[in-house]
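Trainee: I have a structure I would like to understand better, so I am pasting it below and will then ask my questions one at a time.
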Amino acid sequence: MGRKSITGGVAPAGNSRIRFDFKFEGVRYRPTLVRIPTEINLRWARRHLEGIKQRIANGTFSFAEEFPEFRCLAKVPDRGSPKTCAHVFDAYLAHCASRVAMRDMAAVTLASCRRVVNGFWRPRIGTDRFLDVRYSTLVKLADNATWSKKSYNNAISILRQAFKFGYRDHSEKYDPTLGLKSVRIRKKDRPVIDPFTIQEAETLIAAIHRDWGEAQGNYDEFRFFTGLRPSEQIALLVNDFDSVEGMLTINKARVAGVDKDSTKTGEDRRIKLCPRALQVLRRHLALRAQLEQGGKIHHGYLFFKENGEPIRNLEYPYVRWRGTLSRLNTIRYRKPYCARHSSVSWDLMIGRNPLWVAKQHGHSITTMLRVYAAWAEGAIAADIKAIKRAMRSDPTRVLTAEAPKQRSTTTSAPDRTPPGHTRPEPGPSHLAVGSGADELSTGDAKDLTGGERGIRTLEGLLTLTPLAGLCARPCQSTAILKFGLFIGFSSTGVQGCMC
């Protein structure tokens, strides 16, 4: 059995000092105060020690204030000061940094946490004692900030995670951030896609070539005809391009200047380049070879600046994009990401299979239907023809010579309609969205969820039902979603049924 203290945690330390014995942050300390150890002073010391223990339990004890002459004060964590919000923020960010080192957290997530904590919360509550912070203080600060709904939710979420980390040492106490609620983001609050028309895109591409040269022009022209995310495009390497198959491997990204070995959705994919994208890429590789011979390129990145240096962040192409669009008074300004929206919309407008488009761009089929399919409705035949022509070849060459005959998904398929069947009209009606499609279903549509990551699980949700006569290709069968979409499959993968 342990020995029970008969001194109450205080004892004389010589003829002029009284020693206190207690634990702080799990460590035993025995500091002293200058007081003659008389019976009266010892009774005072016992009452004072009880107060110290109570302040330690409340998180308000300051070792430096109570025992400023303690010889080992430098070894006491934070010099024994009460834990402030700044201490918790520092510990939380250090923990996040260790998770990044272990590849358990993305570097861009850590950068976002640092930006929110150091830019907003630390200046306002950093000096406050952590356990003294109240819900009313936090909600007042959050409500007075001029944030969008998305920024508000992000700031609240990061603060909630930091406080949750700090309150693990005080599980018996109530965390005030548990009362902070995120605001609801409705459909109308989400940004609406705003694609370019093919005419606007060609005008912008030509202007960027004139303003900034071939390297920047190729970069922006390529994004229109591949629909790559900007973070995916600047991370591309030369060996990601398969010149034999005309395919491009997308398996990494660069976010906030930090390279990631995965895409936004965490899913790798291989995309088929249309003839226009192949022309741009071959022209760009020829430029790269010239700069390599001149000793200006010593890296493996596919896209680069005019001096041969790699594009390390998205600010560089964004400034040039904004400069050219601001000069063009005939085109309404849109952000560079709208080039991706344009590519997806064009694929749907010319009648490509939505499932193929979803797989090509790393979307889910539900995203195709909810966000992009509306742009295919009411498409003008002349626009569809212009998009197909632009995807086949450089428009400047089409004017002077006949486009080379290449096999691609944009060319019209030969008429293989079986006898007794009517060939569907080309264009947006081929999507069979809404009215005009048979109300047939082979699966439960309520299970089709998942946003950006939904494409991975979609194939498990579809049920294939062969329907004779709908497609004359012997290698394909046809699946019908509850949405009324005809989607072709083959033994080698997902294909667009264009017949």
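Derivation of every value follows stated rules applied to the coordinates shown; laboratory data play no part. From a predicted model like this one, the values you see are computed outputs, not experimental measurements. Using ideal geometry, Cβ is built from the backbone for each residue, glycine included, and neighbour counts are taken over all protein chains shown.
Trainee: Calculate the spin-label point distance for Lys23 paired with His170, positioning each point 7 Å from the Cα along the beta-carbon direction, and give it in nanometres.
Mentor: For the pair His170/Lys23, the computed spacing is 1.9 nm.
Trainee: Right, another one. With a cap of 15 neighbouring Cβ atoms within 10 Å, and only residues DSSP puts in a loop, list the trypsin sites (Lys or Arg not before Pro) found in region 56-137.
Mentor: Those that pass, being in a loop and sparsely packed, are Arg71, Arg103, Arg134.
Trainee: Under 5 Å between amide H atoms, partner at least 5 residues away or on a different chain: which partners does Ser393 have, H built in plane at 1.01 Å?
Mentor: Arg276
Trainee: Stokes-Einstein diffusion coefficient for region 66-200 at 25 °C in a medium of 0.890 mPa s, Rh from the Kirkwood formula over Cα pairs: what value in µm²/s?
Mentor: Using the Kirkwood radius from Cα pairs, D works out to 142 µm²/s.
Trainee: List every residue whose amide H lies under 5 Å from the amide H of Ala13, counting only residues 5 or more places away in sequence or on a different chain, with H placed 1.01 Å from N in the peptide plane.
Mentor: Ile18, Arg19
Trainee: A follow-up question, please. Let's test the formula: R0 of 51 Å, r as the Cβ-Cβ distance of Ala91 and Asp242. What FRET efficiency results, to the nearest 0.05?
Mentor: Efficiency, rounded to the nearest 0.05: 0.60.
Trainee: Still on this structure, I have one more. Filter the trypsin sites (Lys or Arg not before Pro) in region 145-232 down to the DSSP loop ones having no more than 13 other Cβ atoms within 10 Å, then list what survives.
Mentor: Lys173, Lys181, Arg184, Arg186
Trainee: How high is the relative contact order of region 119-217, in percent, counting Cα pairs under 8 Å that sit 6 or more residues apart?
Mentor: 25
Trainee: Here is a further query. Multiply the residue separation of Glu315 and His299 by 0.36 nm, subtract the distance between their alpha-carbon atoms, and state the gained length in nm to one decimal.
Mentor: 3.8 nm
Trainee: Return the FRET efficiency for the residue pair Lys53, Gln161: r is the Cβ-Cβ distance, R0 is 30 Å, and the value is rounded to the nearest 0.05.
Mentor: Computed FRET efficiency for Lys53 and Gln161 comes out at 0.45.
Trainee: On to the next question. Structure shown: which of Lys83/Lys164; Lys83/Lys181; Lys164/Lys264; Lys149/Lys188; Lys53/Lys173; Lys149/Lys181 lie over 21 Å apart, alpha-carbon to alpha-carbon?
Mentor: Lys83/Lys181; Lys164/Lys264
Trainee: What list of ³J(HN,Hα) couplings, whole Hz, do you get for region 88-104 from phi and the Karplus terms 6.51, -1.76, 1.60, once you set θ to phi - 60° and write x for glycine and proline?
Mentor: 5, 4, 4, 5, 5, 5, 5, 5, 5, 4, 5, 5, 5, 5, 8, 6, 9
Trainee: Give the shape of region 229-382 as rounded, prolate or oblate, defined through the alpha-carbon gyration tensor: a ≥ b ≥ c are the square roots of its eigenvalues, a/c under 1.5 means rounded, and otherwise the shape is prolate if a/b is larger than b/c and oblate if not.
Mentor: Since a/c reaches 1.5 and a/b is larger than b/c, the shape of region 229-382 is classed as prolate.
Trainee: Need the C-alpha centroid separation for region 224-290 versus region 106-184, integer Å.
Mentor: Here the two parts' Cα centres lie 38 Å apart.
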